[in-house]
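Report on the following structure.
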Amino acid sequence: MTILAALLLAAAPVAATHCTAPAPLAEPWTSWTQSGRAKAGVQAHGAPALILGKPVTATLTPAAHVQFAVPPGKGAKDGHGGLFTLSLKQAARVGIALDGPAWVDVITGTQAIASVEHGHGPACSGIRKIVWFDLPAGRHLVQIAGSKAADVRVMAADALANQPVG
């Protein structure tokens, strides 16, 4: 997907859908509806951990007060933002899902990792956006920026979680 196409997809309005019940979710998103709360960090040191497959509703801070490790792709001083750590034992394709509009970056060391895919969750699932990254083993920093809401539901998931081997 070209950068222009990704930007157009992100900017496209999401059609309103009348939902009578939440959509069933396939792996790796089956735990999306579980509950958990966290206060996103304002600096890398001490930022709370995202655990693969464990969603949290995160309380964000006005973005101007967040010490981003690298300037966010969008929303650096707009809206709300926050930081989380994400540790991987092995390399993986990881999706970061959000329930609202915001910018997501993943930082490894001092470099922003380019996303490999963007999309939306199923209609009526509560997942507005999923951004996928191919990440090496190790510790990463997840930056959220540009959220108009002070709270955002966020979940990191391994693309191969609970998938059949073979």
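The values are calculated or read from the model by the stated rules, or taken from the named source; none is laboratory data. Note that the coordinates shown come from a computational prediction; the quantities given were computed from them, not determined experimentally. Every residue, glycine among them, receives a Cβ derived from its backbone with ideal geometry; neighbour counts consider all protein chains shown. Calculation scope for accessible area: heavy atoms of the full protein, side chains included, ligands and nucleic acids excluded. Shrake-Rupley method; radii C 1.70, N 1.55, O 1.52, S 1.80 Å.
The requirement of being among the hydrophobic types (A, V, I, L, M, F, W, C), out of contact with any Asp or Glu (no Cβ under 6 Å at 6 or more places or on another chain), within 15 Å of L25 (Cβ to Cβ) and open to solvent by less than 60 Å² (accessible area, probe 1.4 Å) is fulfilled nowhere in the range 104-123; no residue meets it.
Cβ separations smaller than 6 Å between residues 6+ apart or across chains give the following pairs from the range 28-45 residues that are under 22 Å from V94 (Cβ atoms) and of a type outside the set (F, W, Y) to residues that are at pLDDT below 90 and open to solvent by less than 80 Å² (accessible area, probe 1.4 Å): P28/A161. Close contacts from the range 120-131, counting a first residue that is within 15 Å of A145 (Cα to Cα) and a second that is of a type in the set (S, T, N, Q) and modelled with pLDDT of 90 or more, with Cβ to Cβ under 8 Å and a gap of 6+ residues or different chains, come to V131/S115.
Scanning the range 96-114 for residues that are free of Cβ contacts under 8 Å to residues at least 40 places away in the same chain and either part of a loop (DSSP other than H, G, I, E, B) or not β-branched (V, I, T) (or both) returns G109, A114.
For (1) open to solvent by 40 Å² or more (accessible area, probe 1.4 Å); (2) assigned to a loop (DSSP other than H, G, I, E, B); (3) modelled with pLDDT under 95; (4) aliphatic (A, V, I, L, M), each residue gets a yes or a no:
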residue: A47; (1), (2), (3), (4): no, yes, no, yes
residue: V70; (1), (2), (3), (4): no, yes, yes, yes
residue: G75; (1), (2), (3), (4): no, yes, yes, no
residue: G81; (1), (2), (3), (4): no, no, no, no
residue: L86; (1), (2), (3), (4): no, no, no, yes
residue: V94; (1), (2), (3), (4): no, no, no, yes
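Filtering the range 125-146 to residues that are crowded, with 21+ Cβ neighbours inside 10 Å and in a loop (DSSP other than H, G, I, E, B) leaves only I127.
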